[in-house]
Amino acid sequence: MVLSAPEKSASPFVMKPSDRFATEPRETVSREDRVIDRATALASARRQLDPVDHPPTRDLDHALSPEFCLENLVLPWDKVGSATLVATAHRDFPGQLRHVVEDAIGPIVFAYLPEAELQNAISDVFGEDLVEHAESRVDKDLSCRDINKMTLRRAIAASLFFGVSLALIFLFPRAFFIGITTVAITNVVACSLFKVVMLFVGYRKPIKNPQAIPLDEHPVVSIMVPMYREERIANELIARLNRLTYPKALMDVVLIVEKFDKHTKRMIEDQSLPSWMRMIEVPDGRIRTKPRALNYAFKFTRGDIVGILDAEDAPATDQIERVVEAFHAAPKEVACVQGILDFYNTRSNWIARCFTIEYATWFRVILAGAARIGLQIPLGGTTVYLRRHALQEVGAWDAHNVTEDADLGVRLARFGYQTILLPTVTREEANNRMIPWIKQRSRWLKGYMITYIVHMRRPFRHWREVGTKKFVGFQLFFLTSILQFTLAPALWSFWLVFFGLSTPFMDVFPSDWMKGLLALFLMTELISLMIGFAAVARTQHEKLMQWVPMMMFYHPMGVFAAYKALAELVMNPFYWDKTKHGMSSPDTPGGDIHSSVN
């Protein structure tokens, strides 16, 4: 028998005969009261809604906010007489929550709906609002979403910059070349000094006996895994996540899939996902970027700590325990724990070997030193764990920034938070093909350029917020990285000396200066070698020592990436050049399994 409400079609409740007789009203009770009494009895009996046969009515989509519905796992579903039927994932509905909901929408009755189905219903009802918020969550002053809009001020500034540059090139070519060469040389010296300082201050041995945390104090940890066209590696990903040793009852793994990505969605649906792992579909919108998907899915997570992993990642099996211990021991201003990234296909070719050396230098020397002395940390896109309240306060991710990780690290510092580096390792697949490598690196460099522009809109404000040390560190991380590749051709011109040619720079300065300059170049190369050897020594890739000198042939690929990034910055700043994964297998079977520290 189907219970009908006045002026409604079929009710969402399906009754058994025993329910009907148990709730049969007296004739003296009005029809509306009978409907409410019967619905209440059914709700108390924990009858389950069927969203297929009776979907939620759209007339109630503004009764409660989507944030409230997701946080409290409730959704106004339908009208039942003068009351509102509310779907909930709570078997035993909290009395305090009942009062809050009743104060907002009036008399209510409840019905049970499993959490996954309830979240899907919330996504269907509030999809447009959630997408809009995901795309514009960060404050306008700290977002790059208007960077492609031309204003009078920007037009004047751009015209002056390019006009002066062209005038110098045509009218004073020698002075122009000397100027950019001087900047390039200064940048090389600054980079080398920065690396040396980071080498000597950065290394800290991991704590061997961290303070044990009682099991009842372990927090729920949500892990978000963005997946776009990752059907090749969906099986491996789920297997790797299953190896994590953190209590599964306290894990909340969210696989994020774009709604139009049918192949990845089908591959996940074909898997038998455990109860602590679920899929969230992201509706289409104005842009398609990883940070937009993260912002959308973030509202569906429930962990006090929120982590991000990439689809090709193989995290250390005890990684979450290490992260929880780090947060437990850290002061409250520590909002982020960044892990170390490494590769499991190092031996595939020379690009993968050099990429591994570069990552070792970045994570085990540069970032380690920067975190040690409290600089702003440009985060990596994966193995990042954040306190939920801090992530909410800073506005989560900038949906338009193609290096959302680096931008988030800077924004955390501007809000007074700190990032620490944890020696827990995640292995991933090295992008070891030249053209895809250049495409990936161009996205990273374009994101660095965008991040630098955004946070230098009001440089004095940025300076006041973070202090002199962190502001200088910001320049050393971002400006030097950009100049290192864009001005590299000016430094390459000095190779002409070996062919008996000269450059305008050499024609102006005395020959003794040239000797000193060549000595400086030699010194910077020796520093790079020293940093590379030290970085490899802190890994399990000791056989890569002989490949460190090859880095001088590896870095020039970044110059092509830099000029591709500059072109896209002007023409298509929000374009996301997707890197394909699953193209290279681990060096050895099971080579992606490892412990936290190596």
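Any read-out appearing in this document is the output of simple, stated calculations on the displayed coordinates, not a laboratory observation. Since we're looking at a predicted model, the values are computed, not measured. Virtual Cβ from ideal backbone geometry, glycine too; neighbours counted across all protein chains shown.
Numbers below:
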item	result
Relative contact order (percent, whole number), the chain, Cα cutoff 8 Å, 6+ residue spacing	16 percent
Label-to-label distance, nm, for residues given as residue 372 and residue 269 (7 Å Cα→Cβ offset)	5.2 nm
Amide H contacts under 5 Å for residue 224, placed H, 5+ residues apart	254, 307, 308, 309
Built amide H within the under 5 Å cut-off of residue 137, gap 5+	399
For the chain, calculated [θ]222 nm from helices alone, where every DSSP H run of n ≥ 4 adds -39500 (n - 2.57)	-14500 deg cm²/dmol
Projected-area average for the range 521-570 over all orientations - Cα convex hull basis, square nanometres	4.6 nm²
Rounded D (µm²/s) - the chain, Kirkwood Rh over Cα pairs, Stokes-Einstein at 10 °C, 1.306 mPa s	59 µm²/s
Charge-dipole axis of the chain as Lys and Arg at +1 and Asp and Glu at -1 on Cβ define it, positive-most pick from 485, 362, 573	485
5 angstrom amide H check on residue 280, placed H, neighbours 5+ away	255, 256, 257
Label zone at residue 242 (point 7 Å along Cα-to-Cβ), backbone N below 15 Å, the range 251-288	268-278
Computed lengthening from residue 197 to residue 457, 0.36 nm per intervening residue step minus Cα-Cα distance	90.7 nm
Potential lengthening between residue 157 and residue 517 on full extension [0.36 nm per residue; Cα-Cα distance subtracted]	126.2 nm
Dipole of the chain, positive direction: furthest Cα of 177, 72, 235, with charges on the beta-carbon	177
Rounded to the nearest 20 debye, dipole of the chain from Cβ charges on Lys, Arg, Asp, Glu	1920 debye
Ranked list, fewest to most other Cβ atoms within 10 Å of each Cβ, for 182, 588	588, 182
Efficiency of FRET from Cβ geometry, residue 212 and residue 48, R₀ 45 Å, rounded to 0.05	0.65
Phi-based couplings in Hz for the range 412-418 (Karplus 6.51, -1.76, 1.60; Gly and Pro marked x)	4, 5, 5, 8, x, 9, 10
Integer Hz, Karplus 6.51/-1.76/1.60 couplings in order for the range 73-84, x for Gly and Pro	6, 9, 7, x, 10, 6, 9, 10, x, 8, 9, 10
Estimated FRET transfer efficiency when R0 is 35 angstrom, pair residue 98-residue 330 (beta carbons, to 0.05)	0.40
Under Karplus coefficients 6.51, -1.76 and 1.60, residue-wise ³J(HN,Hα) of the range 270-287 in Hz, glycine/proline x	6, 7, 9, 6, x, 5, 8, 10, 8, 10, 10, 8, 9, x, 5, x, 6, 10
Estimated FRET transfer efficiency when R0 is 22 angstrom, pair residue 286-residue 465 (beta carbons, to 0.05)	0.15
Segment residue 543-residue 132, length gained on full extension (0.36 nm per residue, minus Cα span)	143.0 nm
